[in-house]
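**Q** For reference, the structure I am asking about is given below.
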Amino acid sequence: MVKHSCAVLACCALVAHVQAQAVELISKSVSGGFANGSSTNPALSANGRFVAFESDAPDLVANDTNGSAQNLFLRDRQTGTTEIVSVSTAGVQHSGSRASLSADGRFVAFESSAALETSDTDQETDIWLRDRVLGTTQLMSPSGDGYRYFRPRLSANGQRLVYSLLRKPDGCVELTGFMIDDLQSTQDHRVETMFSHCGINGSLYGVPHLSGDGAWVVVSRLVPANPYTVYL
């Protein structure tokens, strides 16, 4: 059994190779040691090359201008480099969390309450998509509609994106559901929305997940007076 520990009272991101029984430190500081902060919620690309994670450490990259804010980072295990992916197209650094990667690591979907572009007109959490090849960051969820969008999931081919939505309007406990974006379409991103009705007869949807080709979505649903059930 391989044992590895992080700095006391801090978290770090690690990758373990099952067959080789080796552990690799992912959240390395620029000097190669443990970073001066916590790193959590890692996400791994299908090919195992890229690891995205959240961190408030200021020394993971040399150009961190966001101080101790929680940024979203991506580690390329092949080149040994780390970059901030919760940035605007103009390169301005912002907070970010809950990353989901395409299989090849080109696309990174994440959630952030920061306004990474001017079209984001509310203070709610939204879904953003970073294209690491083109260097662009795009707002995927609708803005200004009073919903909170969270927990994005990208298909392995990077062509479909699904994420949860939540709203608590006046007189309603909550309104939940999920949305699917077709990233190859030139039309409006909103392809399909499934949501519960407001009130006692409503439903509560869990976090949806996509198949690798984006053709299938699986989600759990809680109906009052009945247990959770799973739908595809």
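Any read-out appearing in this document is the output of simple, stated calculations on the displayed coordinates, not a laboratory observation. Bear in mind the structure is a predicted one, so any value in this text is a computation, not a measurement. Cβ: placed from backbone, ideal geometry, glycine included. Neighbour counts: every protein chain shown.
**Q** Debye calculation, C-alpha points only, no solvent: report log10 I(q)/I(0) for the range 100-168 at q = 0.14, 0.16, 0.27 Å⁻¹, in the same order as the q values.
**A** Calculated log10 I(q)/I(0) at the listed q: -0.39, -0.50, -1.19.
**Q** Relative to the compact globular guide of 2.2 N^0.38 Å, what is the alpha carbon radius of gyration of the range 55-148, as a ratio?
**A** Taking the Cα Rg and dividing by 2.2 N^0.38 Å, one obtains 1.05.
**Q** How big is the dipole moment of the range 66-135 about its Cα centre under a simple scheme where the beta carbon of each Lys and Arg is +1, that of each Asp and Glu is -1, and everything else is neutral? Debye, nearest 20, please.
**A** Values: 6 positive and 10 negative charges, 83 e Å.
Around 400 debye, computed over the range 66-135.
**Q** Hey, what did the range 54-111 get for relative contact order, percent, Cα under 8 Å, at least 6 apart?
**A** On the way: 90 pairs, mean separation 15.8, N = 58.
Reported as a whole number, the value is 27 percent.
**Q** OK, next. What whole number of Å gives the distance from the Cα centroid of the range 28-46 to the Cα centroid of the range 96-139?
**A** Between the Cα centres of the range 96-139 and the range 28-46 lies a distance of 20 Å.
**Q** Now a separate question. Specify, per residue and in Å³, the volume enclosed by the convex hull of the alpha carbon atoms belonging to the range 66-116.
**A** On the way: hull volume 4.5 nm³, N = 51.
About 89 Å³ per residue, rounded to a whole number.
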